[in-house]
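Single-structure report; data block below.
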Amino acid sequence: MDIDALVRKYALQNAVQYDGKATMGSVLGKVMAENPELRPKAKEISSAAKGVIDEVNRMSPEAQKAALTSLAPELLVKESKPREMGLPDLKNVTNEVRMRMAPNPSGPLHLGHSRMAILNDEYVKRYGGICYNRFEDTDPARIDPAGYDSIPADFEWLGVKIHKTIIQSDRFEIYYDIASKLLDMGKAYVCTCKPDDWRDLKNHKKACPHREQPVEEQLLRWDKMFDGSYKIEEASVMVKTDLNHPNPAIRDFVALRIDDTPHPRTGTKYRVYPLMNLAVAVDDHLLDLTHVLRGKDHLNNTYRQEYLFGYMGWKVPEYIHYGRVSIEDAQLSTSKMAMGIKEGLYTGWDDPQLGTLGAMRRRGIRPEAIRRYWTEVGIKEVDIEFSWKTLFTYNRELVDDGADRYFFVNDPVPLTMDGLDADITARAPLHPDHPERGTRDLKVLKGSKVFLAREDLKGDPKRLRLKDLCNVDVKGDKLVYAGNDLSVLKEGVRIVHWAPADAVEAEVLMTDGTTRNGVAEPSLTKSLGKVVQLERFAFVRVEQVSPTVKCVFTHR
């Protein structure tokens with residue numbers, strides 16, 4: 001049995017499947033699975049396999065794929081495990097569904113918001129019906145007027161269909177009418193305690209002194225909330241629940257409060273503002289919603305709102321609570337993003353350091369990849385951590401086929417090419433899987449310079465291979481032509497990327513706010529607005545081509 005050939009086969013498969021890097025554990029697992037009799041010799045095989053795997057990892061992705069095609073083409077097909085796909089059916093669907101988005105226009109949507117949008121959209125498409133966009137803008141201090149336009153644009157980019165838009169700041173009179181009815185029914189009261197005193201009383205299962213005052217007194221105090229008799233925090237409308245409820249958060253809750261902050265849409269027309277639980281319950285009823293998707297952090301709000309449905313005799317929608325998702329390595333706090341933009345930490349809402357949908361769009365993340373991610377995560381109640389790796393895998397499957405390849409040299413060092421009898425030309429494919437697209441012809445003139453990355457010159461290598469061009473010997477600030485024999489790769493000679501003398505200045509804006517500066521082959525300037533792959537660097541989206549080519553990092 002040829003152990004080297006067996007290891008090489010599976011090392012090539014592993015490398016092709018995982019961005020050009022095979023790992024010892026994965027390769028040996030395949031080898032042992034095919035040949036169990038080798039398990040007692042695992043230590044010896046591991047030692048022998050290291051050299052083969054290192055050799056494979058030094059190959060370019062194109063060379064790895066070509067070698068695997070020649071050696072074992074059947075291994076090019078990724079293994080797939082059968083698993084249940086798609087979202088589960090909703091309960092209690094009798095005909096069409098009516099569902100809603102509920103964004104606060106405090107800024108543009110971010111990646112976390114996209115879960116809510118996509119799941120609602122998926123279900124409305126499945127069952128038919130209506131999907132509302134309801135702007136919940138009853139906190140005037142938190143509103144960014146631009147959000148009224150940016151949020152619908154984000155929905156459109158995601159492919160989410162909105163059938164009708166509702167704006168809560170247009171509906172204050174409706175909320176006032178419901179509040180008056182609750183007061184008249186004895187299910188609400190106007191409290192003039194200091195907020196901390198009221199909260200302390202309910203936490204100890206005690207009623208505030210205003211809770212059981214006569215309805216006439218409650219309605220009189222309600223009128224005084226509008227005429228300026230009370231200042232901010234001097235009076236609020238509370239909804240009665242159960243003061244003996246084991247969860248203090250469910251005992252009596254605030255329904256309306258006084259706020260003199262001018263509203264971006266209504267100015268100073270109103271000073272009594274409904275809070276989320278009142279406005280949401282009223283609108284969910286009046287819009288005749290059938291199903292409400294929300295995170296399980298809203299469970300207490302659901303319990304509060306069910307009191308209102310019960311008092312008013314309304315039918316309760318089907319509530320579905322899904323688990324929390326923590327998203328690391330991206331700023332999602334709207335207030336922190338706004339402050340960072342103001343302070344110059346971020347260039348805008350689409351800064352690639354942020355987790356906004358604008359940032360995803362700018363980076364070249366496709367909305368189809370985001371949709372696939374959330375539909376596969378589904379509506380399970382378990383908390384999870386967002387996987388950027390999974391999102392990038394989905395996106396790579398979408399963009400790879402259309403992404404032309406180019407050379408980019410980070411932190412370039414100019415070196416003179418010696419030893420040429422004549423000019424030579426590299427003919428590199430625009431895409432290794434699509435020869436019909438043609439090649440990028442990179443000419444190196446006799447005696448001209450080429451650019452190499454400083455990183456590739458560390459360790460004082462004696463010989464290198466310039467990808468798709470030739471072998472060179474490194475001698476100080478010169479490269480000496482050393483033929484074109486590919487067999488040098490078996491001797492451990494590394495393949496490096498390079499750029500010709502007529503290279504253009506290029507930079508890549510990274511997701512940590514830094515910029516990678518270098519040079520790139522001139523034909524990169526033809527890819528404005530496109531996602532391309534800078535070979536052995538990353539997928540990027542080209543957003544400027546003159547005078548400097550500026551790209552934004554997509555993912556590896």
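Exactly one residue out of Lys467, Lys478 is touching a His at 6+ places or on another chain (Cβ under 8 Å) and at pLDDT 95 or above, and it is Lys467.
Residues of region 234-256 that are of a type in the set (Asp, Glu) and surrounded by 14 or more Cβ atoms within 10 Å (Cβ to Cβ): Glu234, Asp252. Of all residues in region 124-159, those satisfying the criterion of being more than 21 Å from the chain's Cα centre (by Cα), in a helix (DSSP H, G or I) and aromatic (Phe, Trp, Tyr) are Tyr127, Tyr148.
Checking Leu256, Leu289, Leu275, Leu308 one by one, the residue that is in contact (Cβ under 8 Å) with a residue 60 or more places away in the chain and more than 30 Å from His204 (Cβ to Cβ) is Leu289 and no other.
So which residues in region 94-133 are of a type in the set (Lys, Arg) and touching a helix residue (DSSP H, G or I) at 6+ places or on another chain (Cβ under 6 Å)? The answer is Arg115, and nothing else. Cβ-Cβ contacts under 6 Å between residues 6 or more apart (or on different chains), taken from a first residue in region 13-37 that is closer than 20 Å to Pro73 by Cβ to a second residue that is of a type in the set (Gly, Ala, Ser) and in a loop (DSSP other than H, G, I, E, B), are listed as Asn14/Ala22; Ala15/Ala22.
Okay, residues lined up against (1) part of a helix (DSSP H, G or I); (2) hydrophobic (A, V, I, L, M, F, W, C); (3) at pLDDT 80 or above; (4) touching a Phe, Trp or Tyr at 6+ places or on another chain (Cβ under 9 Å):
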position: Asp4; (1), (2), (3), (4): yes, no, yes, no
position: Ala11; (1), (2), (3), (4): yes, yes, yes, no
position: Asn14; (1), (2), (3), (4): yes, no, yes, no
position: Gly29; (1), (2), (3), (4): yes, no, no, yes
position: Lys41; (1), (2), (3), (4): yes, no, no, no
position: Ser47; (1), (2), (3), (4): yes, no, no, no
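Of the residues in region 228-235, not one is aromatic (Phe, Trp, Tyr) and over 18 Å from Pro140 (Cβ atoms). Evaluation of Ala67 against the conditions (1) in contact (Cβ under 8 Å) with a residue 40 or more places away in the chain; (2) in a loop (DSSP other than H, G, I, E, B) shows that the sole unmet condition is (2). Going by what's in this entry, would Ile162 be described as assigned by TED's automatic domain parsing to the domain that holds Leu391, farther than 29 Å from Ile232 by Cβ and not in a helix (DSSP H, G or I)? Yes. Only one entry in Asp297, Asp288 is of a type outside the set (Val, Ile, Thr) and in a loop (DSSP other than H, G, I, E, B), namely Asp288. Every test in (1) without any contact (Cβ under 8 Å) to a residue 24 or more places away in the chain; (2) of a type in the set (Val, Ile, Thr); (3) surrounded by fewer than 22 Cβ atoms within 10 Å (Cβ to Cβ) is passed by Val542 save one, and that test is (3).
Which of the following residues is in the same structural domain as Arg115 (by TED's automatic domain parsing), within 23 Å of the chain's Cα centre (by Cα), at pLDDT 95 or above and not in a strand (DSSP E or B): Glu306, Glu368?
Only one candidate passes the filter, namely Glu368.
What about Ser46, is it out of contact with any strand residue (DSSP E or B) (no Cβ under 7 Å at 6 or more places or on another chain), without any contact (Cβ under 8 Å) to a residue 60 or more places away in the chain and closer than 30 Å to Asn395 by Cβ? The answer is no for Ser46. I want to confirm something. Restricting to region 428-466 and keeping residues that are assigned to a strand (DSSP E or B) and among the basic types (Lys, Arg), which single residue is farthest from Asp477 (Cα to Cα)? Going through the qualifying residues, I end up with Arg440. Filtered by the rule that a residue be loosely packed, with under 14 Cβ neighbours inside 10 Å, among the acidic types (Asp, Glu) and in a strand (DSSP E or B), region 377-427 gives a lone residue, Glu385. Within the set Thr334, Thr290, Thr302, the sole residue that is β-branched (Val, Ile, Thr) and either within 29 Å of Leu243 (Cβ to Cβ) or touching a helix residue (DSSP H, G or I) at 6+ places or on another chain (Cβ under 6 Å) (or both) turns out to be Thr302. The conditions of being over 19 Å from Val280 (Cβ atoms), over 20 Å from the mean Cα position of the chain (by Cα) and at pLDDT 95 or above are not met by Arg98.
Residue count for region 207-244 satisfying the condition of being of a type outside the set (Lys, Arg), assigned to a loop (DSSP other than H, G, I, E, B) and free of Cβ contacts under 8 Å to residues at least 60 places away in the same chain: 20. Within region 499-518, if we keep just the residues that are within 23 Å of Asp351 (Cα to Cα) and of a type in the set (A, V, I, L, M, F, W, C), the residue that is surrounded by the most Cβ atoms within 10 Å (Cβ to Cβ) turns out to be Ala506.
The set of residues from region 211-232 being farther than 25 Å from Gly313 by Cα, surrounded by 14 or more Cβ atoms within 10 Å (Cβ to Cβ) and not aliphatic (A, V, I, L, M) comprises Arg221, Lys224, Tyr230.
The values are calculated or read from the model by the stated rules, or taken from the named source; none is laboratory data. Predicted, not measured: the structure shown is a model, and the values here were computed from it. With ideal geometry, Cβ positions are generated from the backbone for all residues, glycine too; neighbour counts draw on all protein chains shown.
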